[in-house]
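K.L.:
Shown below is the structure under consideration.
Read-outs throughout are calculated quantities, based only on the coordinates presented, and are distinct from any laboratory measurement. Computed from a predicted model, the values in this text were never measured in an experiment. Glycine also receives a Cβ, built like all others from the backbone with ideal geometry; neighbour counts cover every protein chain displayed.
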Amino acid sequence: MYKDLGRIRQINVVCLSLLFLITAAFNPAVANSLSISVGWNKPPYVIEEKNSGFELDMISAIFAKLGYSVNYVYVPFGRSNTLIKLGKVDAALTMNQRMDTEGLAMSIPYISYQNAAISLKGRRLEINSIQDLKYYTIVGFQNASVVLGNEYRIMTRKSPLYLELPDQRKQVEMLLVGKVDFVVMDINIFNYLSTELMGNSHMENVVIHRLFPKTDYHMAFIDKDLMLSFNKAMTAFKQSDEYNNLVAKYEFLH
């Protein structure tokens, strides 16, 4: 009798172990986590110190619906595609078709940045084209001369001073203290950082020169099937109240 009880216990242990493995196989939350490379701090999209921001909150929510947990790997903006090509991460955020994406599975656009040339209203600077910028001092975001296209890149060579900085807070500071004529950056990033620096919104004191079309960004994946699952889940998420609440939370401008 005791031998039979022992066998029953052994069978139960085996069954429970098999049940756990089966559950893990069908529940990606148990079985799967993803490493995703992301560029350094660019609030409100990426707030590194809080491991949050509009972009990260959205991506985490989408993958949670697919049953994945996410680990973000912070790198300089230009290194995201390097890491994924070396197989160090499963996916990379904020990828653009002008970057080296050969061999990667690219999602449909998941976010768009509205870059603009921004000047202080009190300076009364008037420009109508990208070429008009060549007469002024400019500080742009890192890789702006790649992301914003050939016309912009040619213009930067003619500017009396052109810099690209990975720390976008320094961009805003340089404009506000008059060290440069223009910053070239996303309007939501400028709004967020200038509000932090000034204590309230500074948008009424600047001119937004909308010289650039919106820049669409994609996620790059090693696994094509995972990319397709992300596309489907992301499209559904953007039609939800959860997405609208995120837009309201971060006070996005359009």
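K.L.:
Would you list, by chain and number, the lysines whose Cα falls below 20 Å from the Cα of Lys134, excluding same-chain residues fewer than 8 positions away?
P.N.:
Of all the lysines, those that pass the test against Lys134 - Cα under 20 Å, at least 8 places apart if same chain - are Lys121, Lys158, Lys179.
K.L.:
Express in whole angstrom the spacing between the alpha-carbon centres of the stretch 189-254 and the stretch 145-163.
P.N.:
24 Å
K.L.:
Moving on. As a test of the formula, what do you get for the chain when each DSSP H run with n ≥ 4 contributes -39,500 (n - 2.57) and the sum is divided by the residue count, at 222 nm and rounded to the nearest 500 deg cm²/dmol?
P.N.:
My calculation for the chain gives -12000 deg cm²/dmol from helical runs alone.
K.L.:
Positive end of the charge dipole of the chain (Lys, Arg +1 and Asp, Glu -1 on Cβ, about the Cα centre): tell me which of Val46, Asn96, Met203 has its Cα farthest that way.
P.N.:
The Cα lying farthest towards the positive end belongs to Asn96.
K.L.:
Provide the percentage of antiparallel DSSP beta bridges, counting only those with both residues in the stretch 52-193; round to the nearest 5.
P.N.:
Looking only at bridges with both residues in the stretch 52-193, the antiparallel portion is about 35 percent.
K.L.:
Over the C-alpha atoms of the stretch 98-175, what are the Rg and the largest Cα-to-Cα span, Dmax, in Å?
P.N.:
14.5, 48
K.L.:
If you take every DSSP beta bridge whose two residues both sit in the chain, what share of them, in percent to the nearest 5, is antiparallel?
P.N.:
In the chain, approximately 50 percent of DSSP beta bridges are antiparallel ones.
K.L.:
Take each of the peptides 123-130, 215-222, average the number of other beta-carbon atoms within 10 Å over its residues, and list them starting from the highest. Could the numbers behind the result be given before it?
P.N.:
On the way: 123-130: 13.1, 215-222: 21.0.
Final packing ranking: 215-222, 123-130.
K.L.:
Just the number, please: percent antiparallel of the DSSP beta bridges in the stretch 115-209, rounded to the nearest 5. Mind showing how you got there, number by number?
P.N.:
Numbers: 8 of 16 bridges.
Taking every DSSP beta bridge with both residues in the stretch 115-209, the antiparallel ones total about 50 percent.
K.L.:
Here's a follow-up. Straight-line reach from Lys238: which lysines have a Cα under 25 Å away, not including same-chain ones fewer than 8 places off?
P.N.:
Answer for Lys238, where 25 Å is the Cα cut-off: Lys42, Lys50, Lys65, Lys214, Lys224, Lys249, listed by chain and number.
K.L.:
Tell me which label goes with the value of Rg and Dmax of the Cα atoms in Å computed from the coordinates here: [x] 23.3, 95; [y] 17.3, 51; [z] 20.1, 81.
P.N.:
[x]
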